[in-house]
Amino acid sequence: MRPGAILLIIGIGQQRYSLIMETSTPVCAICAGTGWKEVQANPRRVSRCDCQVGLRSNRLLSQARIPSRYEHCELSNFEPDYDGASRSLISAKLMAGRFVEEYPLDENQGLLLVGGIGVGKTHLAVGILKELIAQKGVSCLFYDYRELLKEIQNSYNPSVQTTEMEVLRPVFETEVLVLDELGAVKPTEWVWDTVSHILNTRYNDRRTTIITTNYPDAPAGDIVRRDSPPAQLARSATREETLGDRIGERMRSRLHEMCRNVDMQGEDFRQRVRKASFR
C-alpha cells in the first residue's frame, strides 16, 4: 500500500470488502502517523517524531506576529562583515547565536539591543526569535512598541470588542517577547505606567524579553525649568534624548536586571544601500 493511503475494511452482512483511500497528507514513514518514534538508545521509550516538531515550529512561527517586512530576517543572513563594519555588529551577531545556543539562561535573562537607526537591531531580534522557535520549540511573540500601545488604547473604545486584558494576556504569557523600538512613543504618565506594568509583570514571572531601542542607554537628563538661564535652556534643547528620558529611570534600571546590554554601532544600512545605488 502506498504511503498516504488508508485501508478500510467494510462489512456488509457476512461479506468483507477492502477499500483503499488516498489521503491528501502523506503519512510519516518514521512514526506511521502516530507522532511518536522509538528512542534508539532505549527501544522501550518514545519521543516526539521530527514531523511533529516541524508542525509545532510552523504553528509557533505563524503565531509569532512577525511583520511581513521582516519575514526574511534570519541570523544566517545578518551580515555585518561589509567593508568597514563595526566590531560591535560582529560581536552582536556572535552574542545572538550564543544566546540561542544557551537558552534558557539563568533567571530567564533577555537582551537589550541598543543602537542607531538601520544598524540591524530588529533583524537580529527576529533572527533570534526564529531560531528559538526552530531549535527549542519556544513560544515567541513580536510586538512593535508603538503598535502595542495603540492596541491597548483602542481597547478602551466601547465600540471595540477587545478588552485591555485580551491584548495584554499573550504579551504577559509568551515565553519570549520581542518588544521593538522601546521608547518610540512620546512619554506620558499613561505610557510610563503601561510599560512599567508590562516589564514588571514579565520580570516577576521570570519570562524572557528581547528589546530594541534607538535611544542611548543613559540616564534621564536633568529637568530644566522654563525660567532657567538661557545657556541651560539651549543645552537642554540640543541634548540627545536618552532611554532614561523616554521610559523613566526606574524602568531603565529594571531593564538592566532583565537584559544583557548589546551595543550595536554602525552605518544606517538603508542609507548605505541608497548611496551604493547612486554610484
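The values are calculated or read from the model by the stated rules, or taken from the named source; none is laboratory data. Quick caveat: nothing in here was measured; it's all calculated off a predicted structure. Every residue, glycine among them, receives a Cβ derived from its backbone with ideal geometry; neighbour counts consider all protein chains shown.
A few notes on this one:
- Among the conditions (1) part of a helix (DSSP H, G or I); (2) buried (at least 17 other Cβ atoms within 10 Å of the Cβ), the only one that residue 192 does not satisfy is (2).
- Between 158, 170, 187, the distinction of being at pLDDT below 95 and either outside any loop (DSSP other than H, G, I, E, B) or closer than 28 Å to residue 217 by Cα (or both) belongs to 187 only.
- Hey, residue 180 under 20 Å from residue 256 (Cβ atoms) and either in contact with a strand residue (DSSP E or B) (Cβ under 6 Å, 6 or more places away or on another chain) or of a type in the set (Gly, Ala, Ser) (or both) or not: yes
- When residues of region 112-135 are limited to those that are part of a helix (DSSP H, G or I) and out of contact with any strand residue (DSSP E or B) (no Cβ under 9 Å at 6 or more places or on another chain), the one surrounded by the most Cβ atoms within 10 Å (Cβ to Cβ): 123
- Among (1) aliphatic (A, V, I, L, M); (2) under 20 Å from residue 241 (Cα atoms); (3) surrounded by fewer than 22 Cβ atoms within 10 Å (Cβ to Cβ), the one test that residue 138 misses: (2)
- Tabulated pairs, region 90-108, first more than 9 Å from residue 131 (Cβ to Cβ) and in contact (Cβ under 8 Å) with a residue 40 or more places away in the chain, second in a helix (DSSP H, G or I) and among the aromatic types (Phe, Trp, Tyr), C-beta under 8 angstrom, 6+ apart or interchain: 105/99
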